[in-house]
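In what follows, a single structure is set out as structure tokens and then discussed.
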Amino acid sequence: MSFPSFVARRFLQFQKSSRSQNFISFVTLISILGITLGVASLIIALTILGGFERELKEKVIGFTTHIQVTTYTNQPIRYYQNIETTLKQEIPEIRTVSAFIAKEGMVNYGDATEGIIVKGIEHVSPESGISQYLVEGEIRFDQLDEGLYGCVVGRKLLMTLNAKLNDTVLVFGLQGHIQTSLAPNVMAFVVQGVYESGMSEYDDIYFFAGIPAVQQLINYEEAVSGFEVTLQNVDAAPDVAEKITQVLGYPFLARTLFQLYRNLFTWIELQKEPIPLILGLIIAVAAVNVIGTLLMLVLEKRKQVGILRSLGASSSAIKKIFIINGSIIAIVGTLLGNIVGFLVCWIQQEYQILSLPSTIYFMKTVPIYFQTVHFAVVSAISIVLCVLASYIPARLAAKLDPIKAIRLG
């Protein structure tokens, strides 16, 4: 152990030698606590924001797709099998292409009637939202009996209708183009599966069924509303959307999930921008506390500093002593902040103590997403700021006159 390190550790020992020493120890603990709270707050905030972004992206992708292809006028698309084949052959970044139908309708059970969006889907992948958030039953869209098809609905919609699994509901669908002269078709569906995503936008409104049943319900014959395209990498969605538009041409329109849900992702970005600055100021305040602590330590130890200088210690050695003191405070506070931040986030992730109104935040509990980079960056910034802050009192200590320091001490 070097000479500056040995002396620095002796200066920070919490010994009850005098009332002033006890005060210095108390102020040191306050400085450590300030750094701990600053680091923990920043880690918790970034972890929660990362959780919001991941949850929203996963749920939106699960219930929609990376890219949605429709027409400018939302007209039915015929011969859609040829379009699916063309997209897969022309654009290698595409992983899957799946046709879908989406149309407004009404669902009735007993005395309850609710407005819904009837969505017919071609196939259900294990990564889809209704697969991941299925809580009851199974995903089954085939024909159960003559004129009777299976469906999957959200738990909230089912509760609103006062229905349950395996109940038969009536669905009213508009026939193709909106025409007031045509009465809506009525079909019976049996609830085969129930999902719950925590996003009221889906749980309250969407009614999932197979494409053949929905085509029959709204008289779409062999047509669909559009295509849902998934990619190997979602970050490539903007570039692939442009390629799809070029390949298919007019009247097709390709929109990414970031365009379809621009408000959600803009909200996340706006939340992320100011938080590092605001909470970074907390760490900066804690660094200023380190300055105050070390200045008081310099005043308390000025006699010892004078003795060390008189025994031959260089000014650079004295400076290193107090920089090491500041570094020890910074490292201890940062480590404790990491532990506190991790524990708070882990408790929330495991026990979901903090809940949210799903109608506002699109999820039921505060989401958590651990990222090593958050812990590393916050820790690095905290330690660097505190070490830089300790340079000021360290330099003042190095400039003390040995004779005056011993006399005044």
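The values are calculated or read from the model by the stated rules, or taken from the named source; none is laboratory data. Everything numeric here is computed off the predicted structure, so don't read it as measured data. Here Cβ is always computed from backbone atoms with ideal geometry, including for glycine, and neighbour counts include all displayed protein chains.
Does Leu354 count as assigned by TED's automatic domain parsing to the domain that holds Lys404 and in contact (Cβ under 8 Å) with a residue 60 or more places away in the chain?
Values: assigned by TED's automatic domain parsing to the domain that holds Lys404: yes; in contact (Cβ under 8 Å) with a residue 60 or more places away in the chain: no.
When the stated conditions are applied, Leu354 does not pass them.
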For this session: State the number of residues belonging to the range 250-284 that are out of contact with any helix residue (DSSP H, G or I) (no Cβ under 6 Å at 6 or more places or on another chain) and either farther than 30 Å from Leu336 by Cα or surrounded by fewer than 14 Cβ atoms within 10 Å (Cβ to Cβ) (or both).
Result: 18
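This table checks each residue for (1) farther than 30 Å from Glu93 by Cβ; (2) without any contact (Cβ under 8 Å) to a residue 40 or more places away in the chain; (3) among the hydroxyl-bearing types (Ser, Thr, Tyr).
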position	(1), (2), (3)
Glu196	yes, no, no
Val214	no, no, no
Val229	no, no, no
Gln232	no, no, no
Gln246	no, yes, no
Phe252	no, no, no
Thr256	no, no, yes
For this session: State whether the residues of the range 334-343 include one that is touching a residue at least 24 places away in the same chain (Cβ under 8 Å), among the aromatic types (Phe, Trp, Tyr), part of a helix (DSSP H, G or I) and under 13 Å from Pro4 (Cα atoms).
Result: no
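Yes/no matrix, rows are residues, columns are (1) within 29 Å of the chain's Cα centre (by Cα); (2) modelled with pLDDT of 90 or more:
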| site | (1), (2) |
| --- | --- |
| Tyr109 | no, yes |
| Glu127 | yes, no |
| Gly147 | no, no |
| Gly150 | no, yes |
| Ala163 | no, yes |
| Val171 | no, yes |
| Leu174 | no, no |
| Thr180 | no, no |
Problem set entry | From Leu308, Leu396, Leu400, residue being closer than 26 Å to Phe6 by Cβ, more than 43 Å from the chain's Cα centre (by Cα) and not in a helix (DSSP H, G or I) | Leu400
Problem set entry | Some residue of the range 67-89 being in the same structural domain as Val194 (by TED's automatic domain parsing), farther than 28 Å from Glu221 by Cβ, touching a residue at least 12 places away in the same chain (Cβ under 8 Å) and not β-branched (Val, Ile, Thr) | no
For this session: For the range 67-87, enumerate the residues that are of a type in the set (D, E, K, R) and either surrounded by 14 or more Cβ atoms within 10 Å (Cβ to Cβ) or closer than 10 Å to Phe227 by Cα (or both).
Result: Glu84
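Here is a list: Gln232, Gln246, Gln259, Gln271. Which entry is among the polar types (S, T, N, Q) and modelled with pLDDT under 80? First the steps, then the outcome.
Details: Gln232 fails: modelled with pLDDT under 80; Gln246 fails: modelled with pLDDT under 80; Gln259 fails: modelled with pLDDT under 80.
So the residue among Gln232, Gln246, Gln259, Gln271 that is among the polar types (S, T, N, Q) and modelled with pLDDT under 80 is Gln271.
Only one residue in Val373, Val387 is hydrophobic (A, V, I, L, M, F, W, C), assigned by TED's automatic domain parsing to the domain that holds Leu56 and either closer than 30 Å to Glu350 by Cα or in a loop (DSSP other than H, G, I, E, B) (or both), so which one is that? Before the answer, list the steps.
Details: Val387 fails: either closer than 30 Å to Glu350 by Cα or in a loop (DSSP other than H, G, I, E, B) (or both).
Residue meeting the stated conditions: Val373.
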